[in-house]
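Participant: I'd like to ask some things about the structure below.
The values are calculated or read from the model by the stated rules, or taken from the named source; none is laboratory data. Here the structure is a predicted model, which is why all the values come from computation and not from measurement. Note that we place each Cβ from the backbone using ideal geometry, even for glycine, and neighbour counts take in every protein chain shown. The accessibility values were calculated without ligands, DNA or RNA, using every heavy atom of the protein model including side chains. Shrake-Rupley method; radii C 1.70, N 1.55, O 1.52, S 1.80 Å.
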Amino acid sequence: TQGKMKNDVAEGLQRYKHYISIISDTLRQYRVPPIFAYIAFCESYMNNQFKNEKGDNTGIWNISDNIAASYGLKITETEDERINISKATTVAAKYLRSLIEKFANRSFLLAMVSYRTGEANTIFKLQKLGEADLQKNFWNLIRLGILGEEGETFLPKIFAIIIVAEDPLQFNLE
């Protein structure tokens, strides 16, 4: 409901203020643009205890089991390092850097949406665009309806959160 979403955003904004210095410093260290911090907001409302519906992604960055394992985060019966803000942000920054290196020559937007939809999924969808390298970008995936609902709605959510975060009082959120 709209009321629950407003509460989630308001709580997320409070957590954002608390975590942003850690996140910003880590993103800067890995040469990831600061706007990418809003990915965490959209993934979890900045809730480090977040679990997705399937239960296989966890933490502020909604990190999957596979990405966690690839980047050395420990997940055991008693410990899940994806809920550690510092460790999870380091993994997210490293993964985002790899997505930027892979996709940013086409579009930083494609790198951002790939965080949500998955690198392999993005590559598969880009292959559907054909051979012309200039066509292989975020906007053509949208225009041709190839990206899918999850990918098409992710960036508008990020942009909306950026607008709200810049002036929460305008939206009665502080």
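Participant: Segment 138-174 to segment 3-61: how many Å between their Cα centroids?
Facilitator: 15
Participant: To continue, here is another question. For segment 26-126, what is the charge dipole size about the Cα centre, in debye to the nearest 20, if Lys and Arg each add +1 at the Cβ and Asp and Glu each add -1 at the Cβ?
Facilitator: In debye, rounded to 20, segment 26-126 gives about 480.
Participant: Points 7 angstrom from Cα along the Cβ direction at Asp167 and Glu101: gap in nanometres?
Facilitator: 4.0
Participant: Can you give me the convex hull volume of the Cα atoms of the chain, divided per residue and expressed in Å³? All intermediate terms of the calculation are to be shown ahead of the outcome.
Facilitator: Numbers: hull volume 21.7 nm³, N = 174.
Looking at the chain, the number lands at 125 Å³ per residue.
Participant: Also, quick follow-up: Give the cross-link partners of Lys136 among the lysines, using a straight C-alpha distance below 28 Å as the criterion and excluding same-chain residues fewer than 8 apart.
Facilitator: Straight-distance partners of Lys136: Lys94, Lys102, Lys125, Lys128, Lys157.
Participant: A further question on this structure: What part of the accessible area of segment 47-174, given as a whole %, is carbon or sulfur when the probe is 1.4 angstrom? All intermediate terms of the calculation are to be shown ahead of the outcome.
Facilitator: Details: 3510 of 7020 Å².
Here carbon and sulfur together make up 50 percent of the probe-accessible area.
Participant: Label points 7 Å out from Cα along the Cβ direction at Glu53 and Ile142: separation in nm?
Facilitator: Each label point is offset 7 Å from its Cα along the Cβ direction, giving 2.4 nm.
Participant: Okay, moving on. If you roll a 1.4 Å probe over the heavy atoms of the protein chains, what accessible area per residue do you get for the chain, in Å²?
Facilitator: Details: 9600 Å² over 174 residues.
Dividing the accessible area of the chain by its residue count gives 55 Å².
Participant: Please work out how much accessible surface Asp65 shows to a 1.4 Å probe, ignoring ligands, DNA and RNA, in Å² rounded to 10.
Facilitator: Here the accessible area works out near 70 Å².
Participant: For the chain, which DSSP H helices look membrane-span-like by this rule: Cα extent along the axis of 20 Å or more and mean Kyte-Doolittle of at least -1.0? Kindly include the intermediate steps, with their values, before the conclusion.
Facilitator: Values: long enough: 2-29 (37 Å, -0.90); 85-103 (26 Å, 0.26); 149-166 (26 Å, 0.81).
Those that clear 20 Å and a mean of -1.0 are 2-29, 85-103, 149-166.
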